[in-house]
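Colleague: Here you go, one structure.
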Amino acid sequence: TSARILAVDLSLASLSYAKRMADRAGLSNVEFAQADIMKLGALGRQFDFIDASGVLHHLADPWEGWRILLSLLRPGGAMQVGLYSELGRRGIVAARALIAERGYRAVADDIRRCRADIAAAEDPLLKSVSRGEDFFTIGECRDLLFHVQEHRVTLPAIKSFLAENDLEFRGFILDALTHHRFATRFPQSGAGFDLDRWHAFETDAPDTFAGMYQFSVRKPGAPRQ
């Protein structure tokens, strides 16, 4: 392929693992760099596509981090974004409140005790956390419930950000069944690109984005030939 890829992470351990996997797959077109997203504005490079599917919601200021990445996107370029949903993470918020109340630390024994408490909880919202795949391993559960910094957003806030930054919403990445349910409720042409309709849909079905909002946007302008 003629594509050139820059993979950026703050963690050297993650980059080392990614480099090993790329070498194992015989990929020679991937460049790896340790960097802080908040300092990428000085990179001096432009990209046709940027994927930020699981990092913005862990930044001190997700919106500013998103703006910095957009400054690196060429006119006509696309960006894939992942952000935590305020509605979709209600159970996680309840679990984090329990962790704070009982003083659990992000160590294996405390994570196990926390999981036992959640699995035995009478509150259905709190107990729902125990149904997720990440709940069942120490490392994944630590990331799920004990992350030092997590921000959650709403679809109206995303819509406002897109308008302020002149971005075109290009749709959610979702399973076929959810798309079908949405289309059944909103059969109008182009409804899938209407965040107001998606907000109404999520309000009635708050677990729709239990993982996160995953969607793509496009920057206006002619793409590079």
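Colleague: What are the residues whose amide H is under 5 Å from the amide H of Gly76, where those residues sit 5 or more places off or on another chain and H is modelled from the backbone?
Modeller: Residues meeting the amide H criterion: Lys219, Gly221.
Colleague: Please check: in the Gaussian network model of the chain (C-alpha springs, under 10 Å), which one of Ser130, Ser160, Ser71 has the largest mean-square fluctuation.
Modeller: Ser160
Colleague: What aspartates and glutamates sit close enough to Lys19 to cross-link, taking a C-alpha to C-alpha distance under 16 Å and skipping anything fewer than 8 places away on the same chain?
Modeller: Asp9, Glu31
Colleague: Shifting gears a bit: Going through the range 1-98, which trypsin sites (Lys or Arg not before Pro) have at most 11 other Cβ atoms within 10 Å and a DSSP loop state? Provide the component values of the computation, followed by the final result.
Modeller: Numbers: sites: Arg4, Lys19, Arg20, Arg24, Lys39, Arg45, Arg67, Arg89, Arg90, Arg96; in loops: Arg4, Arg45, Arg89.
When the trypsin sites (Lys or Arg not before Pro) of the range 1-98 are filtered for loop state and at most 11 Cβ neighbours within 10 Å, Arg4, Arg45 remain.
Colleague: Run through the DSSP bridge list for the chain and note the antiparallel percent, rounded to the nearest 5.
Modeller: Numbers: 9 of 20 bridges.
Bridges in the chain that DSSP calls antiparallel: roughly 45 percent.
Colleague: I want to verify a result. In a Gaussian network model of the chain, Cα cutoff 10 Å, which of these has the top mean-square fluctuation: Gly139, Gly76, Gly44?
Modeller: Comparing Gly139, Gly76, Gly44 in a Gaussian network model of the chain, the most mobile one is Gly44.
Colleague: Can you tell which of Leu87, Leu162, Leu27 shows the greatest fluctuation in a Gaussian network model of the chain with Cα springs below 10 Å?
Modeller: Looking only at Leu87, Leu162, Leu27, the largest GNM fluctuation is found for Leu27.
Colleague: So, one more: Quickly estimate the mean residue ellipticity at 222 nm for the chain, helices only: each DSSP H run with n ≥ 4 gives -39500 (n - 2.57), and the total goes over all residues, rounded to 500.
Modeller: Helix-only estimate at 222 nm: -11500 deg cm²/dmol.
Colleague: Compare the Cα positions of Met38, Phe136, Phe182 along the charge dipole of the chain (+1 at Cβ of Lys, Arg; -1 at Cβ of Asp, Glu; about the Cα centre) and return the one farthest towards the positive end.
Modeller: Of Met38, Phe136, Phe182, it is Met38.
Colleague: Here is a follow-up. Just checking my list [x] 67; [y] 54; [z] 37 against percent of Cα pairs over 24 Å apart computed from this structure; which label fits?
Modeller: Calculated percent of Cα pairs over 24 Å apart: the matching label is [y].
Colleague: With θ taken as phi - 60° and the coefficients 6.51, -1.76 and 1.60, list the Karplus ³J(HN,Hα) couplings across the range 85-99 in order, rounded to whole Hz; mark glycine and proline as x.
Modeller: Whole-Hz 3J(HN,Hα) from phi for the range 85-99: 8, 4, 5, x, 9, 4, x, 5, 4, 5, 5, 5, 5, 4, 4.
Colleague: Considering only protein heavy atoms, what per residue accessible area in square angstrom results for the chain with a 1.4 angstrom probe?
Modeller: On the way: 12700 Å² over 225 residues.
About 56 Å² of surface per residue is accessible.
Colleague: Right, next: For Glu150, what charge total do you get from the other residues with a beta carbon under 9 Å from its beta carbon, if Lys and Arg give +1 and Asp and Glu give -1? Intermediate values should be presented prior to the final figure.
Modeller: Values: positive: Arg89, Arg96, Arg152; negative: none.
Computed value for this residue: +3.
Colleague: Distance between Cα centroids, the range 150-220 to the range 26-105: provide it in whole Å.
Modeller: Cα centroid to Cα centroid, the span is 18 Å.
Colleague: What's the magnitude of the charge dipole for the chain around its Cα centre, counting Lys and Arg as +1 and Asp and Glu as -1 at the beta-carbon? Answer in Debye, nearest 20.
Modeller: Working: 28 positive and 29 negative charges, 92 e Å.
Dipole of the chain, to the nearest 20 debye: 440 debye.
Colleague: I would also like to ask the following. Taking amide H positions as placed 1.01 Å from N in the peptide plane, with prolines and chain starts having none, which residues 5 or more places from Arg170, or on another chain, fall under 5 Å of its amide H?
Modeller: Amide H neighbours of Arg170, under 5 Å, 5+ apart: Ser216, Val217, Arg218.
Colleague: Rounded to the nearest 20 Debye, what is the dipole magnitude of the range 1-64 about its Cα centre when Lys and Arg each give +1 and Asp and Glu each give -1 at the C-beta? The partial results should precede the final answer.
Modeller: Values: 6 positive and 8 negative charges, 62 e Å.
For this selection, approximately 300 debye.
Colleague: Can you list the lysines whose alpha carbon sits under 17 Å from that of Lys219, skipping same-chain ones fewer than 8 residues off?
Modeller: Cα-Cα hits under 17 Å: Lys159.
Colleague: From the Cα gyration tensor of the range 135-225, with a ≥ b ≥ c the square roots of its eigenvalues, which class applies: rounded if a/c is under 1.5, or else prolate if a/b is larger than b/c, or else oblate?
Modeller: Values: a/c = 2.00, a/b = 1.34, b/c = 1.49.
Oblate.
Colleague: Of Leu6, Ala95, Val107, which is farthest along the charge dipole of the chain in the positive direction, counting Lys and Arg as +1 and Asp and Glu as -1 at C-beta?
Modeller: Of Leu6, Ala95, Val107, it is Leu6.
Colleague: Sort 112-120, 173-181 by packing, meaning the average of other beta carbons within 10 Å per residue, with the highest value first.
Modeller: Details: 112-120: 15.4, 173-181: 12.2.
The most tightly packed comes first, giving 112-120, 173-181.
The values are calculated or read from the model by the stated rules, or taken from the named source; none is laboratory data. These numbers were taken from a predicted model, which means no experiment stands behind them. Don't worry about glycine lacking a Cβ; one is built from the backbone with ideal geometry, like all the others, and counts go over all protein chains shown. Note: accessible area is taken over every heavy atom of the protein model, side chains too, but ligands, DNA and RNA are not part of it. Shrake-Rupley method; radii C 1.70, N 1.55, O 1.52, S 1.80 Å.
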